[in-house]
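What follows is a set of notes on a single structure, which appears directly below.
Just so you know, all these numbers are worked out from the coordinates, no wet-lab data involved. What you are looking at is a predicted structure, and each value in this text was computed from that prediction instead of being measured. Neighbour counts run over all protein chains shown; Cβ positions are idealised from the backbone, glycine included.
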């Protein structure tokens, strides 16, 4: 099968297209239904407001908690339970509150709802200006990473025919991973109410680095094999390079996946969302390196996007 990965690329492209379209549908649903009109529920890091995490020493009801916030002058607070009912842990999102107002609200909740465990209760507040700055910085960080990757790969393969193709194919695989991971996050936002925060951005940037790492390993082996197998077509050289590197990619990926799954199962609730998104990204990155980036390069070189064999422009005559 490994020798036919490149030749059967149309099936892998079709599978990725189905997954990406499903993610785009989830994003569109969130854009239509969410008040922020964004593909994901935005956490407090990316929009102004305050997020209260309240740990009570006794069971409380959502109605009592909502009434306490409303009586404080905060209309329509977003109240949700965290963890299991016996954890007595709640999250409440409101409009932006300053430091003194937060302390006054803690006191009001303690008086009207129930005693709080202040050691496990917290509040995160982001002003409108800071929210805009964080969102802009996130976009710039992703664009800067993509630009640096594009230049690095072009420079590394500058002595190859058409070096820009290696860069663009790596970027195509990278966009594939971003869309798959973003689609998964959109689905989690719609079903589980997950919110995109700084940890989500961290997971996305980690996925970017991991995806490019695997792709470059295969591209580098193609560069080494082209002079060695001058009588073979580009498809054959690419397939050979995949066979020689796929075991390393799979072993590396499985090692990361095992660690990530362990964190997902036994890690704290505060990092579970980050770990889940990272796991999706790691799997997508491994898949795209083998089934998207390299077959796309071969398709481009062979002038056949759907797998139809044509004369290989880079087949080198035997000496």
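Note the angle between two axes, namely the Cα long axis of helix 99-112 and the longest principal axis of the Cα atoms of the chain, as a number of degrees from 0 to 90, rounded to the nearest 10.
60 degrees
What is the extension gain from residue 142 to residue 95, computed as 0.36 nm multiplied by their sequence separation minus the C-alpha to C-alpha distance, in nm to one decimal?
14.1 nm
Name the residues of region 67-106 whose amide N is less than 13 Å from a point 7 angstrom out from the Cα of residue 53 along the C-beta direction?
82-83, 89-92
Extending each Cα 7 Å along its Cβ direction at residue 224 and residue 33, get the distance between those two points in nm, one decimal.
For residue 224 paired with residue 33, the spin-label model returns 5.0 nm.
Past the 15 angstrom mark, what percentage of all C-alpha to C-alpha distances in region 101-198 do you count?
I get 77 percent for the Cα pairs in region 101-198 exceeding 15 Å.
Kindly provide log₁₀ I(q)/I(0) values, in the same order as q = 0.09, 0.16, 0.17, 0.20 Å⁻¹, from the Debye equation applied to equal alpha-carbon scatterers of region 15-166.
Scattering profile of region 15-166, log10 relative to I(0): -0.47, -0.97, -1.04, -1.22.
Arrange the peptides 29-39, 193-203, 219-229 so that the one whose residues have, on average, the most other Cβ atoms within 10 Å appears first.
My ranking of the peptides, most packed first, is 193-203, 219-229, 29-39.
Measuring from centroid to centroid over Cα atoms, what is the spacing of region 96-127 and region 225-276 in Å?
Spelled out, the Cα-based centre of one part sits 46 Å from the other.
Ratio of the chain's C-alpha Rg to 2.2 N^0.38 Å, to two decimals?
For the chain, the normalised Cα radius of gyration is 1.25.
Using the Kirkwood radius over C-alpha pairs as Rh, can you work out the diffusion coefficient of region 49-126 via Stokes-Einstein at 25 °C, viscosity 0.890 mPa s, in µm² per second?
This corresponds to a translational diffusion coefficient of 201 µm²/s.
Taking every DSSP beta bridge with both residues inside the chain, roughly what % is antiparallel (nearest 5)?
90 percent
How large are Rg and Dmax for region 141-264 when only the alpha carbon atoms are used, in Å?
Rg then Dmax for region 141-264, in Å: 17.0, 56.
Return the FRET efficiency for the residue pair residue 175, residue 244: r is the Cβ-Cβ distance, R0 is 25 Å, and the value is rounded to the nearest 0.05.
With a Förster radius of 25 Å, E is 0.45.
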